1. Computed FRET efficiency, Cβ-Cβ of S18 and R75, R0 41 Å: what is it to the nearest 0.05?
2. Provide the gained length on full extension for the span E88 to E44, in nm with one decimal, where the gain is 0.36 nm per separating residue minus the Cα-Cα distance.
3. Can you give the percent of C-alpha pairs in segment 17-71 whose distance is more than 19 Å?
4. 7 Å from Cα along Cα→Cβ at both A52 and I33: what's the point-to-point distance in nm?
5. Along each principal axis of its Cα atoms, how long is segment 2-93 end to end? Whole angstroms, biggest number first, please.
6. Check T3: other-chain or 5+ apart residues with amide H under 5 Å from its amide H, H built from backbone geometry?
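Nothing in this text is a laboratory measurement; each read-out follows from the coordinates by a stated rule. Note that this is a predicted model, so its numbers are computed, not measured. No Cβ is skipped: glycine too gets one built from the backbone with ideal geometry, and neighbour counts run over all protein chains shown.
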Amino acid sequence: METVNIAQLKSELSRYLSLVRAGSEVIVRDRNIPVAMLVPIDLEDLTLEDIALVASGRLRPPRSKLSSDFWRRTRPSVNIEDLDRAIEADREDR
């Protein structure tokens, strides 16, 4: 993983974007304090509309794919009366 200060990133942006395109991650530092990370975007599963939204900054693609057993996992059961009480208590606090 590469790290770079903002001034160097500004002067060598193309080089660092090439690294990211190749799959590397780059930590951006402001006066040696990490402030951001440049990571590659996996556009494989995105539609053209999704890609446009990513380009405009309105959508962030997922960092990883869901595991195949995600939808088979058991969900925690909640007693409906407990849920009603929690909702009512929350409403009273407002």
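1. Values: r = 44 Å, r/R0 = 1.07.
After rounding to 0.05, the efficiency reads 0.40.
2. Numbers: separation 44, 0.36 × 44 = 15.84 nm, distance 4.44 nm.
Difference between extended and current length: 11.4 nm.
3. Details: 665 of 1485 pairs.
The calculated P(r) of segment 17-71 puts 45 percent of pairs beyond 19 Å.
4. Roughly 4.0 nm, to one decimal.
5. Principal-axis extents of segment 2-93 (Cα, largest first): 60, 33, 24 Å.
6. Under 5 Å from the amide H of T3 lie the amide H atoms of I27, each far enough along the sequence or on another chain.
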